[in-house]
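Here's the structure, in structure tokens; my notes come after.
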Amino acid sequence: MDPAELREIIVQQGAIIRSYQDQVEALHDQLCSASTAAPRDTPLARSESPRLAMPEKFDGSADRCRGFLRQCEVFFSHQPGMYHEEETKCAFLLSLLSSKALKWASAVWDADPQVRSSFSYFTGMIREVFEHPAGGKDISVQLMELRQGSEATADYAIRFRTLAAQSGWNDVVLWAVFRAGLNPALQTELVCHMEATLSQFVATAIRLDNLRRQHRAGTSASATARPHMRMDYPALIDSGEAVNLIDRALVEELGIPTSSCVPSLRIAAIDSQPIGEGYLKCQNELLGFQVGLFHHEQLAFYVTSSPANPVRCHDPKISWRTGELARWSPTCLRECLRDPVSRPCRISCIEEATAVAHGHLPQPYAVFWRVFSEERAARLPAHQAWDCAIDLLPNTSLPKGRLYLLSLPESKALEDYIEGALAAGHIRPSTSPVAAGFFFVGKKDGGLRPCIGYRGLNAITVRYSYPLPLVPVF
């Protein structure tokens, strides 16, 4: 080939190669410019689903049934590509069962084909078998019986919100139920709070309870004072000893004969410390023992240097306020009490009637002036051997007193009556809850006459019917 032709061909090929190179560079520039000009906020064609935690295995507990099924539904709804078939959902749900729930599901898996093909049918059967109200009570009953007790208001509000979400009640009813279940002290503090919504009221109750608890915690702990401890212990009341004791000095003074105790008895106080010598070594012979006017008994006493009164076996009722023996036990009333041969009595001076008192009585009745004496009528009669007993019906309770709202005139009349009855000795102060009703009846002069209603006491009193003597008509 001619060298000139060869040179021309080489020049043409070089031109073609340069054109290809220019095209490649142009394409490269276009790609670079397109990548830099692409908007950064362009959304992705497909977003990935969030990674959810696997639901915990369900063992058949009634309180976890609703939450477990809700977790499974949320788990499937966020992964539709993986769990779009009903059979897959049912198989996955079966794999999350354990204990008694797995035993039940294994039994129905083969017996009912619909359990394997319908997720809604499978969950419905789980609810029917395992989702039962707590304690067998309906949601409405649980709400009405809900009480805060000693727990924090925040914990009480969580239990209330959980039940309220399932009840379907409106906020007006839920407001009243929430307030009724609060601690009484917290209810008192919330009286003046008028929140607009139930949520605001619940938040206010939680805030007040937290402040109260912080205040109690701050006041109970002191940097300078010793720590306080509150503990409950049973209290023992010492009312005497377990045996009958007599003072050694009294035995020697009266010359009471004694005999040795074989074996000797160890004696100790309630704190296990020995009393006197610590042992009872001798006792006296049977002695006639009398307490008061009616109580007689034969007793043998152990001789010691630290005596106490023998009240345990006789069980008397003692008024610790007045320091007097108020009543003997039923055993003493049957066995120890007897009418004395001679009975002391009180004699008061009998004053002669004044001329004014005689002047108010008609002449035929003047000799009976004592019957019309206001002073004698104001006295309580002395107890006699022929007094009638007031027996109560068995297994009955004495009537309790009540609180009544009195007007100012009634309060004044009540105070005057109590002061007069106390001064006359008709009544005495008492802290007993047993009481009779007290009311007023209007007088003709506009005053008030106090009346005591004994219907409650009469209703439980044993009726005593006895023949009344006939009074001849003259």
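Quick note: the coordinates plus some simple rules give every number you see, no bench work behind them. Note that the structure is a prediction, hence the values are computed from the model and not measured. Reconstructed Cβ throughout: ideal geometry from the backbone, glycine too, with neighbour counts over all protein chains shown.
Things worth noting here:
- Efficiency of FRET from Cβ geometry, residue 84 and residue 121, R₀ 25 Å, rounded to 0.05: 0.90
- Under the combined filter of DSSP loop state and at most 11 neighbouring Cβ atoms within 10 Å, segment 57-154 retains these GluC sites (Glu not before Pro): 85, 145.
- Burial order of peptide ranges 91-99, 103-111 (average beta-carbon count within 10 Å, highest first): 91-99, 103-111
- Candidate lysines for bridging to residue 281, where Cα separation is under 16 Å - those fewer than 8 sequence places away on the same chain excluded: none
- Cα gyration tensor, segment 422-461 - rounded (a/c under 1.5), prolate or oblate: oblate
- Fewest neighbouring Cβ atoms within 10 Å first, the residues 144, 125 line up as 144, 125.
- Shape descriptor for segment 76-223: Rg over Rh equals 1.18 (Cα atoms; Rh from the Kirkwood inverse mean 1/r).
- Calculated FRET efficiency for the pair residue 422/residue 391, C-beta based, R₀ 30 Å, to 0.05: 0.55
- Based on C-alpha pairs under 8 angstrom that are at least 6 apart in sequence, segment 91-210 has a relative contact order of 21 percent.
- When you work out D = kT/(6 pi eta Rh) for segment 372-474 at 20 °C and 1.002 mPa s, using the Kirkwood radius from C-alpha pairs as Rh and the Stokes-Einstein form, the result is 124 µm²/s.
- Ordering of 388-395, 452-459 by burial proxy (mean other Cβ atoms within 10 Å per residue, highest first): 452-459, 388-395
- Other-chain or far-sequence residues with amide H under 5 Å of residue 336's (modelled H): none
- For residue 57, the lysines whose Cα comes closer than 23 Å to its Cα, not counting residues fewer than 8 places off in the same chain, are 89, 100, 103.
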